[in-house]
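So the structure is just underneath, and the comments pick up after that.
Values quoted throughout were computed directly from the atomic coordinates according to the rules given, and no laboratory measurement underlies them. These numbers were taken from a predicted model, which means no experiment stands behind them. Here Cβ is always computed from backbone atoms with ideal geometry, including for glycine, and neighbour counts include all displayed protein chains.
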């Protein structure tokens, strides 16, 4: 491997070379914080030779390089120069503006205009909206995440320049006929500070060396995410054919699926769970070397296609309102409950189940059976008793996911699901532990942390008791049989008032009518309006803390032995 390096300033770098951003690079993603740091370093620094680190690139042609490390900084600095150029033009300094633009765009050896910085992923937004000197030729350009980041960077830097120039206009001590000249001087001073920035330019001879350096630079530090490294590996192993960059298109589709989800999911977590649903699970920090070892030119395409397809399933697991049809409502409800419980351990198993269902290995009934078993188990194990696993449950789910993935027919898959359900049943917490924790579930206006869990439980009991409501469950309100106004009197405390035995669903139109009325008054209205409440409460002649506890215990018994029985 041949490596050359030289100390160089930004002006010399841009005036003597052309740069492109390779396929394996991440999209532009600098934030306001990064922009502010650059502004502070460049504008606020009194040092004329400020050092901004190194830039690594490999040679494509004599004076044409592809960037391996440093593309975020170079892109931002190029945007910065375009803003300064445009500002000088607005100040009627055409020559000064043109002087900057020759570092943005100039003629190559064939006398054709070329942008010094060339990109694929943000094309044509960067070229048309930022780099072009003058009005863009294209107006309707779709802006994805990268384009939005570029626009945000442009706007952030523009705002800083404008604020600096507006200060000149507002300075009463400066004569009006002197203000334009002072503005020009200030822009030129910033231009010089940017162009005088120092860096070490490291040059490699070929693309293969670039991939090695790229991985080395970013796996020894904390710069790159797992998804960045995996994308690079696919890019290395799948070359462009017939002018179509398959990796770029497919990876963009994958990232769009993940990033457009309303759920809190990330590309890295997806890749980790994708791998764990098909192979032996390993810690995320150790995953990339294994992926690199097991995926090569002969199987990269099939793995990339699988990643793209599974990204849809992964989103569907975490965002139950996405993807599922009316006939799959029970699937969506179980997945919603699993997300409510904030579960991570079952994710490889869930992904493997959904994949097996969508590829026809298992039918809808088997998918529902498995998901409801997971939901019921974790209601008792996680949502109610907050039990902790030493890692055995995660291992159980990963092993199941792997075995299910390897099943070739529905019979083998059904046996794996039966085995999983049996293992879950063995791990259900004992009833006395469940009961003690069930009594602690609480909801009041001042303690609403478990509100969503309470709504979930009340919905299940309403369905079990065949209670009918004119409104959708999501529109129903949570009412207290003994009103919250009783807290602090006659033995009532918030622990009793908020207990499940004192809670019921109420039509929204009746909420104000019942208000804070006493239990007796509420019962009169409930009976006169024929409202749906549990029969054992409806027949109660009195309602004191002991009655609430007794009703809570009855609910716990039904929950454990019937509704959530695995």
*Considering Cα pairs under 8 angstrom that are at least six residues apart, work out the relative contact order of the chain and quote it in whole percent.*
12 percent
*asked:* On C-alpha positions alone, give me the angle between the axis of helix 410-427 and the longest principal axis of the chain, in degrees, nearest 10.
replied: 70 degrees
*Would you work out if segment 3-209 is rounded, prolate or oblate? Take a ≥ b ≥ c from the square roots of the eigenvalues of the alpha-carbon gyration tensor; rounded if a/c is under 1.5, else prolate when a/b is larger than b/c, oblate otherwise.*
prolate
*Starting with the highest mean, order 430-439, 492-501, 550-559 by the number of other Cβ atoms within 10 Å, averaged over the residues of each peptide.*
492-501, 550-559, 430-439
*Run through all the Cα pairs of segment 413-452 and give the fraction in each 5 Å bin from 0, expressed as whole percent.*
5, 18, 14, 13, 13, 13, 12, 8, 3, 1
_How high is the relative contact order of segment 225-430? Use alpha-carbon pairs under 8 Å, at least six apart in sequence, and give a whole percent._
22 percent
*For residue 7 and residue 114, what does the FRET efficiency come to when R0 = 30 Å and r is the distance between their Cβ atoms, rounded to the nearest 0.05?*
0.70
*Solution diffusion estimate, µm²/s, Stokes-Einstein, segment 236-337, Kirkwood Rh from C-alpha pairs, 37 °C, viscosity 0.692 mPa s*: 218 µm²/s
*When only C-alpha pairs under 8 Å and at least 6 residues apart count, what is the relative contact order of segment 1-83, in percent?*
35 percent
*If each residue's Cβ is checked for other Cβ atoms within 10 Å, how do 171, 228, 474, 140 rank with the fewest at the top?*
140, 474, 171, 228
_Helix-only mean residue ellipticity at 222 nm, the chain, DSSP H runs n ≥ 4 weighted -39,500 (n - 2.57), per residue, nearest 500. What is it?_
-16500 deg cm²/dmol
_Distance in nm between pseudo-label sites at residue 540 and residue 419 (7 Å out along the Cβ direction from Cα)_ = 4.8 nm
*To the nearest 10 degrees, how steeply does helix 226-237 sit against the main Cα axis of the chain, on a 0 to 90 scale?*
60 degrees
*Report, in whole Å, the centroid distance computed from the Cα atoms of segment 541-566 and segment 109-171.*
64 Å
_Efficiency of FRET between residue 168 and residue 63 - r from beta-carbon atoms, R0 30 angstrom, step 0.05_ = 0.15
_segment 318-401: C-alpha gyration tensor shape, a/c 1.5 cut-off, then a/b vs b/c_ = oblate
*Looking at the chain, send over the antiparallel percent of its DSSP beta bridges, to the nearest 5.*
65 percent
_Residues 444, 266, sorted so that the one with the fewest Cβ neighbours within 10 Å comes first_ = 266, 444
*Among DSSP beta bridges lying fully in segment 3-209, give the percent that are antiparallel, nearest 5.*
60 percent
_For a test of the definition: using alpha carbon positions, the gyration tensor, and the 1.5 limit on a/c, classify segment 257-306 as rounded, prolate or oblate._
oblate
_Translational D in µm²/s for the chain (Stokes-Einstein at 37 °C, 0.692 mPa s, Kirkwood Rh from C-alpha pairs)_ = 114 µm²/s
*Cα pair distances in segment 225-430, grouped into 5 Å bins until the bin that holds the longest one, percent each*: 1, 7, 15, 19, 20, 16, 11, 6, 3, 1, 0, 0, 0
